[in-house]
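Pasting a structure here, questions to come.
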Amino acid sequence: MTTPTTTTTPTTTSTAPPVALLERFRVPAGFALGAVLLLGIAPLALSDFRLSLLAKYLCYAIVAVGVSLAWGRGGLMVLGQGVFFGLGGYAMAMHLKLADAAATGETLPDFMQLYGTGDGLPWWWAPFANPAFALAMTVLLPMAVAALLGFFVFQRRVKGAYFAILSQALAAALAIWLVGQQATTGGTNGLTDMQGFFGYSLDDPVNQRMVYFIIAAVLLLLMALARQLFVSRYGELLIAVRDSEERVRFLGYNPANVKLVAYVVAAGMAGLAGALFVPAVGIISPALIGIVPSIGFVIGAAVGGRASLVGAVLGAIAVAWAQSTLSDAFPAAWTYLQGLLFVVAVGFLPGGLASLGVVLRKRRTGTATGTATGTRTTGETA
Amino acid sequence: MSGLSISRRGLLAGISAAGAAAALSACGAKTGSDASSDSAAKADTSGSTVKVGLLNSLSGTMAISEVTVHNSLLLAVKEINAAGGVLGKKLNPISQDGASDWPTFAEKAEALIKDDKVVATFGCWTSSSRKAVKPVFERYKSLLFYPVQYEGLEESPYIFYTGATTNQQIVPALDYLKKQGLTKLYLVGSDYVFPRTANKIIKAYAKAKGMTVVGEDYAPLGSTEFGTIVNKVKDSGADAVFNTLNGDSNVAFFKEYKSSGLTAKSMPVLSVSIAEEEVKSIGTQYLEDQLTAWNYYETTPGAANTKFVAAYQAEYGKDKPTSDPMEAAYISVYLWKEMVEKAGSFDVAKVKAASDGIELDAPEGKVTVDGATQHVYKTARIGKVGADGLITEVWNSGKPIKPDPYLKGYDWASGLS
């Protein structure tokens with residue numbers, strides 16, 4: 001990992017005029033193409049059912065945008081994104097359940113009438129009846145948790161595998177806690193059977209399409225936001241921290257703060273993805289939060305190319321699609337394939353599929369010795 | 001750089017405008033308004049075959065149990081096809097894997113209804129998977145037949161429950177223990193909805209009928225650490241253990257139970273989730289003489305059962321046991337067939353209307369569909385595990401018990417729901 005190559009690559013591309021011109025049109029054109037595909041072609045070409053599946057995949061893609069920032073750019077092995085996805089999802093689901101209950105004249109959500117303690121609505125549920133509060137919480141709650149955890153972890157310079165293990169432990173703990181609180185969280189069942197979405201009936205296919213459009217628009221917006229972060233001074237600093245934390249410290253920056261921002265933003269994105277997942281799929285449960293789903297959230301990004309925004313997003317969509325499709329044909333084999341994909345991507349193709357072309361080209365021109373470094377550098381500009 | 005950001009800002013505006021326009025133009029039905037009838041999925045009955053959905057976990061932690069249910073569903077479909085099908089149409093079974101994951105169940109249920117246009121779906125095992133697919137079947141007004149005993153407190157207009165509800169399994173089991181003079185109970189269960197709800201019912205029953213619950217412990221699904229729990233059970237002075245553990249955990253629990261010196265004589269364990277298939281995987285030596293509560297055993301007498309066991313073993317192997325959920329799954333296909341033939345149509349509303357009073361001479365004995373609750377009258381049977389791994393009945397309720405999912409007919413249960 002040589003720092004000079006990583007830091008100079010973006011500088012050279014933006015100063016050399018012909019490349020800059022190409023770059024100037026490449027990125028907006030890519031976004032425009034994405035927008036046309038997601039907002040125009042997909043809704044026309046796909047059946048209601050396929051479109052609702054795509055909506056689900058796009059939620060995973062939103063998580064991948066955050067993973068690309070925190071892991072791809074910041075080197076933070078975020079293996080506990082399920083926590084933030086879950087917090088966002090539960091915040092949204094709690095509001096929808098309360099709204100459903102209010103619509104039928106009840107004070108308690110249906111599952112609490114069956115399995116509850118009989119003491120009425122728990123105090124921490126009550127504020128979620130307010131739509132503005134619930135919406136804000138879908139993002140702020142995950143960000144607050146990430147800020148708290150990140151503050152202590154990064155200040156203490158906990159890194160690498162220890163950080164990954166810690167985030168996994170948090171995911172496991174949250175899932176176990178949720179399962180144990182059947183009376184107030186629905187336990188293993190999670191929160192299901194959402195009837196309405198801010199006054200609109202989710203039974204109506206038209207409204208399901210509306211949910212899809214919202215998710216697609218959010219994904220595009222967050223990709224634009226992440227792209228902006230990537231090319232900003234902060235983005236450069238984040239890469240510098242990833243590649244050599246000590247040097248950045250000697251330059252006078254506090255690496256802990258740099259990492260904290262990436263971690264918190266990624267958590268907010270995961271929370272928003274969880275919140276949008278609920279109306280699209282109709283369920284949030286501990287099964288979506290624990291260790292296995294948390295690993296699942298990064299597999300897509302790893303396969304597609306975690307350092308490349310487009311690679312991570314397409315990877316997440318492709319892996320989710322493959323899971324839906326391949327698991328029909330080979331039920332038992334899918335889990336193994338998923339693990340294998342992760343191992344291969346992390347071990348042999350660190351830049352993911354986004355870097356495959358570059359790796360092959362290097363092989364051919366005989367400069368294969370520095371594949372790992374080369375992959376990283378090019379992955380970042382992709 | 002600056003030129004770049006401007007074009008990007010323009011793009012941002014474009015995207016948000018497109019998103020907003022899409023959202024505004026697409027305002028569908030509000031909540032509370034009549035659900036538009038076009039959300040009901042149209043099943044495809046035009047061809048010479050009709051598709052039926054089989055929705056089970058063929059992979060993941062539940063596969064070991066659910067594959068046996070899937071097998072008996074396939075057996076029933078095969079038999080019905082061999083006998084000419086339903087309303088002259090052969091059944092084409094479409095299997096989908098729920099992968100032991102609740103959101104996947106919801107996705108696959110939608111795939112069966114919308115893509116395959118099935119006339120009915122059979123499957124699900126865990127309550128969580130049923131809760132996940134329930135809104136899907138209700139939204140598209142399609143039928144699910146659910147074949148496993150469960151915690152009750154549910155009646156969906158689009159689900160038929162062919163396994164036992166609590167008053168056909170747990171309540172008779174408690175009656176049996178009380179009659180045996182085993183009144184001090186220790187409750188051990190997996191940490192999820194069925195054990196927690198079952199234990200709530202048990203505690204209400206105990207309170208009203210002079211029994212005592214001396215301890216209550218939950219282990220996470222899949223947990224294999226039972227040292228502490230078994231020690232607590234041993235020191236509790238209980239007469240019997242009421243066991244609602246599920247899956248692998250039972251293996252660890254019963255091994256620990258035996259090695260701590262507890263036996264079926266000193267403190268019997270009554271289990272509600274251990275059937276013939278599980279006895280084999282836990283090991284007969286750990287389970288001999290312990291009690292189970294079900295509605296069907298492989299040893300249940302009767303010509304219908306002899307035929308079912310023989311057919312199953314001919315299809316899947318001589319050493320394969322049959323169990324209660326497998327039998328409930330097997331009869332669910334036949335019950336649906338009877339309903340369709342009585343209705344003379346595959347139409348969901350007509351099938352539902354025809355369901356009340358449908359009778360079947362099932363392997364478990366006579367079963368009758370209760371149209372009001374869409375559950376089935378079933379005979380409760382307490383069994384004892386034998387040295388050969390089979391379970392033999394030691395007591396039964398004498399006649400099929402009317403399903404009462406909300407326990408409305410039991411005074412002591414009034415505070416439960």
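Residue check, residue A:299 against (1) in contact (Cβ under 8 Å) with a residue 40 or more places away in the chain; (2) in contact with a strand residue (DSSP E or B) (Cβ under 9 Å, 6 or more places away or on another chain); (3) among the hydrophobic types (A, V, I, L, M, F, W, C), all met but one. Which one?
Looking at each condition in turn, residue A:299 falls short on (2).
Mind checking whether some residue in region A:83-94 is open to solvent by less than 20 Å² (accessible area, probe 1.4 Å), within 12 Å of another protein chain (Cβ to nearest Cβ) and more than 23 Å from residue A:225 (Cβ to Cβ)?
No, because not a single residue in region A:83-94 is open to solvent by less than 20 Å² (accessible area, probe 1.4 Å), within 12 Å of another protein chain (Cβ to nearest Cβ) and more than 23 Å from residue A:225 (Cβ to Cβ).
Return the residue satisfying two criteria in turn: it lies in region A:296-306 and is open to solvent by 10 Å² or more (accessible area, probe 1.4 Å) and in contact with a helix residue (DSSP H, G or I) (Cβ under 6 Å, 6 or more places away or on another chain), and of such residues it is farthest from the other protein chains (Cβ to nearest Cβ).
Checking each candidate, the answer is A:306.
Okay, next question. Name every residue in region B:197-223 that is at the interface with chain A (Cβ under 9 Å from one of its Cβ atoms) and closer than 16 Å to residue B:249 by Cα, in order of residue number.
Scanning region B:197-223 gives B:218, B:220, B:221.
Between B:231, B:199, which is without any contact (Cβ under 8 Å) to a residue 60 or more places away in the chain, surrounded by 21 or more Cβ atoms within 10 Å (Cβ to Cβ) and of a type outside the set (Ser, Thr, Tyr)? Full working, then the answer.
Working: B:231 fails: surrounded by 21 or more Cβ atoms within 10 Å (Cβ to Cβ).
Of the residues listed, the single one that is without any contact (Cβ under 8 Å) to a residue 60 or more places away in the chain, surrounded by 21 or more Cβ atoms within 10 Å (Cβ to Cβ) and of a type outside the set (Ser, Thr, Tyr) is B:199.
List every residue pair whose Cβ atoms sit under 6 Å apart, with the two residues 6 or more apart in sequence or on different chains, where the first one lies in region B:148-161 and is closer than 16 Å to residue B:371 by Cα and the second, anywhere, is aromatic (Phe, Trp, Tyr) and surrounded by 20 or more Cβ atoms within 10 Å (Cβ to Cβ).
These pairs meet every condition: B:158/B:137; B:159/B:146; B:160/B:145; B:161/B:146.
Within region B:145-167, count every residue that is assigned to a loop (DSSP other than H, G, I, E, B) and among the polar types (S, T, N, Q). Please lay out each step first, then the result.
So the first thing to find is which residues in region B:145-167 are assigned to a loop (DSSP other than H, G, I, E, B), and the list is B:147-158, B:162-165.
Okay, now just the ones that are also among the polar types (S, T, N, Q), so B:149, B:156, B:162, B:165.
The total comes to 4.
For region B:269-364, please list each of the helices (runs of 4 or more DSSP H) lying entirely inside it that holds at least 3 residues being surrounded by 15 or more Cβ atoms within 10 Å (Cβ to Cβ).
Working: elements: B:276-282, B:284-287, B:303-316, B:324-343, B:348-354.
In region B:269-364, the matching helices (runs of 4 or more DSSP H) lie at B:276-282, B:303-316, B:324-343, B:348-354.
Would it be correct to say that residue A:359 is surrounded by fewer than 24 Cβ atoms within 10 Å (Cβ to Cβ) and more than 12 Å from the chain's Cα centre (by Cα)? Before you say what the answer is, go through the steps one by one.
Numbers: surrounded by fewer than 24 Cβ atoms within 10 Å (Cβ to Cβ): yes; more than 12 Å from the chain's Cα centre (by Cα): yes.
Answer is yes for this residue.
Which of the following residues is assigned to a loop (DSSP other than H, G, I, E, B) and modelled with pLDDT under 90: A:287, A:307, A:322?
A:307
If residue A:226 satisfies every condition in (1) in contact (Cβ under 8 Å) with a residue 12 or more places away in the chain; (2) at the interface with chain B (Cβ under 10 Å from one of its Cβ atoms) but one, which is the exception?
Residue A:226 satisfies every listed condition except (2).
Would you check which residues across region A:28-86 are in contact (Cβ under 8 Å) with a residue 60 or more places away in the chain and not in a helix (DSSP H, G or I) and list them? Full working, then the answer.
Kept after step one, since they are in contact (Cβ under 8 Å) with a residue 60 or more places away in the chain, are these residues of region A:28-86: A:30-31, A:34-35, A:38-39, A:42-43, A:48, A:51-86.
Selection gives A:74, A:75, A:76, A:77, A:78, A:79, A:80.
Now for a separate question. In region B:239-254, what residues are over 12 Å from residue B:216 (Cα atoms) and of a type in the set (Phe, Trp, Tyr)?
B:253, B:254
I'm trying to understand the selection: among the residues of region A:314-331, which are open to solvent by less than 60 Å² (accessible area, probe 1.4 Å) and either touching an Asp or Glu at 6+ places or on another chain (Cβ under 7 Å) or among the small types (Gly, Ala, Ser) (or both)?
A:315, A:316, A:318, A:320, A:322, A:324, A:327, A:331
Can you name the residue in region B:15-58 that is modelled with pLDDT of 85 or more and within 10 Å of chain A (Cβ to nearest Cβ) and, of all such residues, is most open to solvent (accessible area, probe 1.4 Å)?
Restricting to residues being modelled with pLDDT of 85 or more and within 10 Å of chain A (Cβ to nearest Cβ), the top hit is B:58.
Can you tell me which residue among B:242, B:226 is more than 14 Å from chain A (Cβ to nearest Cβ), touching a residue at least 60 places away in the same chain (Cβ under 8 Å), in contact with a helix residue (DSSP H, G or I) (Cβ under 8 Å, 6 or more places away or on another chain) and open to solvent by less than 20 Å² (accessible area, probe 1.4 Å)? Steps first, please.
Working: B:226 fails: touching a residue at least 60 places away in the same chain (Cβ under 8 Å).
After applying the criteria, what remains is B:242.
Further question: Could you list, in sequence order, the residues of region B:67-92 that are under 19 Å from residue B:143 (Cα atoms) and within 14 Å of chain A (Cβ to nearest Cβ)?
Of everything in region B:67-92, just one residue is under 19 Å from residue B:143 (Cα atoms) and within 14 Å of chain A (Cβ to nearest Cβ), namely B:70.
Picking from A:274, A:290, A:339, which residue would you name as being under 11 Å from the mean Cα position of the chain (by Cα), open to solvent by less than 50 Å² (accessible area, probe 1.4 Å) and within 14 Å of another protein chain (Cβ to nearest Cβ)?
It is A:274.
Given (1) touching a residue at least 40 places away in the same chain (Cβ under 8 Å); (2) open to solvent by 20 Å² or more (accessible area, probe 1.4 Å), identify the lone condition not met by residue B:102.
Looking at each condition in turn, residue B:102 falls short on (1).
If a residue has to be assigned to a helix (DSSP H, G or I) and more than 8 Å from chain B (Cβ to nearest Cβ) to count, how many in region A:192-207 make the cut?
0
Is it the case that residue B:175 is over 16 Å from the mean Cα position of the chain (by Cα), over 21 Å from residue A:48 (Cβ atoms) and either surrounded by fewer than 24 Cβ atoms within 10 Å (Cβ to Cβ) or within 9 Å of another protein chain (Cβ to nearest Cβ) (or both)? Spell out how you get there, then give the answer.
Working: over 16 Å from the mean Cα position of the chain (by Cα): yes; over 21 Å from residue A:48 (Cβ atoms): yes; either surrounded by fewer than 24 Cβ atoms within 10 Å (Cβ to Cβ) or within 9 Å of another protein chain (Cβ to nearest Cβ) (or both): yes.
Spelling it out, residue B:175 is indeed over 16 Å from the mean Cα position of the chain (by Cα), over 21 Å from residue A:48 (Cβ atoms) and either surrounded by fewer than 24 Cβ atoms within 10 Å (Cβ to Cβ) or within 9 Å of another protein chain (Cβ to nearest Cβ) (or both).
Next question, about the same structure. Please find, among B:78, B:108, the residue that is in a helix (DSSP H, G or I) and closer than 30 Å to residue B:193 by Cα.
One residue alone meets the criteria, B:108.
Need the failing condition index for residue B:164 against (1) open to solvent by less than 10 Å² (accessible area, probe 1.4 Å); (2) modelled with pLDDT of 95 or more; (3) touching a Leu at 6+ places or on another chain (Cβ under 9 Å), just the number.
Among (1) open to solvent by less than 10 Å² (accessible area, probe 1.4 Å); (2) modelled with pLDDT of 95 or more; (3) touching a Leu at 6+ places or on another chain (Cβ under 9 Å), residue B:164 violates only (3).
Quick check on residue B:387: is it over 20 Å from the mean Cα position of the chain (by Cα), part of a loop (DSSP other than H, G, I, E, B), surrounded by fewer than 16 Cβ atoms within 10 Å (Cβ to Cβ) and among the hydrophobic types (A, V, I, L, M, F, W, C)?
Criteria met by residue B:387.
The values are calculated or read from the model by the stated rules, or taken from the named source; none is laboratory data. These numbers were taken from a predicted model, which means no experiment stands behind them. So basically every Cβ, Gly included, is an ideal-geometry build from the backbone, and we count neighbours across all protein chains shown. With ligands, DNA and RNA removed, areas are computed over all heavy atoms of the protein, side chains included. Shrake-Rupley method; radii C 1.70, N 1.55, O 1.52, S 1.80 Å.
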